[in-house]
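A quick write-up on the structure given underneath.
Just so it is clear, none of the values below were taken in a lab; they were calculated from the coordinates. All values reported here derive from a predicted model rather than from experimental measurement. In this analysis, Cβ positions are derived from the backbone assuming ideal geometry, glycine residues included, and neighbour counts consider all displayed protein chains.
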Amino acid sequence: NWVIFDSFDIVRDSLGSDRKDFPHTVYFVAGTQAEKASWNSIGVFKVSNISGKRRELVPKKSSEDDPDMDGESSDSDDSEDEEEDLLYIVPFFSLEQLRKVAHHGSVNRIRAMGQNPHICASWADSGHVQVWDFSSHLNALAESETEGIQGSSVFNQAPLVNFRGHKDEGYAIDWSPVVVGRLATGDCKNCIHLWEPTSDSTWNVDPTPFIGHSASVEDLQWSPTEPHAFVSCSVDGTIAIWDIRIGKSPAASFKAHDADVNVISWNRQASCMLASGSDDGTFSIHDFRLLKDGNTVVAHFKYHKYPVTSIEWSPHEASTLAVSSSDNQLTIWDLSLEKDEEEEAEFKAQTKELVNAPQDLPPQLLFVHQGQKDLKELHWHAQIPGMIVSTAADGFNILMPSNIQSTLPSNGS
C-alpha cells in the first residue's frame, strides 16, 4: 500500500552531540497518512551510513540528464575544488531499518520528547492524542547491524496514554524543553490542553482548555528558557503568548499575518525571536522585545508563492532558519546576511552567467532545495550541525548544504 509520512521527528541519540564526520546515523519517528484508518502506523527508523556526494557548481548538463540525482550515496571524480553538498534520499521503506507500531487513524503530527527521546506523542485524525514508549524499538534498531526492513510485521502496542478530551482533531503539539514531560496540545476547535507528568509513564491532562484564538490552533511552541510560557498560532491570523500560571487566557496576542498562521518556531539560541509561516507563502520574524510597541515584526519575506508548511530555526546558529512550502521548495536563510555587490559579481564571473538568479533574490537566501513533491515538514538535527531532514509525498530527504557548514560556529556546544 502507498503510504505517505506527513509528520516526523528526529530522535535524540547517544552517538554524540557535535558530530561532523561521515558516515552519519540518524534515528527518527514518523506517522503515516494511509487511505484506510487500519493501514496506519508509526515508523521508528534508523538511517545509517549516510555519506556525502559531490555536486558541480554549474551542471554541465540539464538536471534531467544528471545521473547524480538518484537516491544512492556516491563519490564523484569531478574537480577537486567543488563544494560537497549532501543529499540523501530515503524512499519510504527502502534502504533503511524500520520497526512499525500500529496506529489507528492517520497521524497528523508526532513529536519526540527531547529529554527522554523514547517517549513520543502523536496527534491522530480521530481526535485522540497518544503518548508512546518506543524504547524497545529504538534499542532493537541500535543493536542491529543489518540494513533493510526488520520484517514486514507491525507491532501492536498499547500507548501509555490515550487522551480523548479534545473535541476535534488537531496538529499543534510540543514538549517543553525546560520541564521534563510537560506537553501542550491544541486542536481545530481552538482549545489547548496542558499535560503535566505524574511519573515517567503517566500524565494528568487538565480538562479545562486554554482558549484565546477564534479559530483552529495550528501550531504551538514552548519557550526555550521559561518553564511556564508557550506561544500558539491560529487560522485566525494571530499569535498568542501564554503563561500557564495566570489562567486560561493569553497574556498577549497580536495579528501576525493576513492569512492563516500555519507554523511557528521559537529560537532556542536567541529566545526573544520567533518565526512564523503563513498560508499566503510569507514568513515573518518577530522580536518579543517589541511587543509593547505594538509591532513585533523585524523581517518579512514573500519569497514562497504557496503555503508555508514548516519552519524551524537552526539549533546551532541563531540567525539561520529553514522553511518548506507547498511550492515544492525547501529554503535556508541566514538573516545576518546583507547584499554584497562584489561577491555577486565574482559569482557571476565564476559561473559565466550560466546561473540566472532572479534580480530580486533576497540576499539572506542561502540555499534552495527542490525535487520533493508536496513538502510537509522539516527538522534540523540537533546533534549533527547543518543536517536537515525533510518529508514530502515522495519520501524523506536528508541534506547538508556545504554553504550552511561555513556559517556554523567552529566548536559546537
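Estimate the FRET efficiency between VAL298 and SER271 by the formula 1/(1 + (r/R0)^6), using the beta-carbon distance for r and 22 Å for R0, to the nearest 0.05.
With a Förster radius of 22 Å, E is 0.90.
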*Based on the Cβ-Cβ distance of VAL178 and VAL205, what FRET efficiency does E = 1/(1 + (r/R0)^6) give at R0 = 22 Å, to the nearest 0.05?*
0.70
*Determine, for each peptide in 222-230, 179-187, the mean count of other beta carbons within 10 angstrom over its residues, then list the peptides with the highest first.*
179-187, 222-230
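Need one number: the % of Cα-Cα pairs in the stretch 134-260 sitting beyond the 23 Å mark.
Percent of Cα pairs beyond 23 Å in the stretch 134-260: 42.
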*asked:* Under 5 Å between amide hydrogens, which residues at least 5 positions from ALA299 or on another chain qualify, with H placed 1.01 Å from N in the peptide plane?
replied: ILE285
*Could you pull out the pairs from LYS302/LYS376; LYS255/LYS292; LYS189/LYS305; LYS46/LYS305 whose alpha carbons sit more than 24 Å apart here?*
LYS189/LYS305; LYS46/LYS305
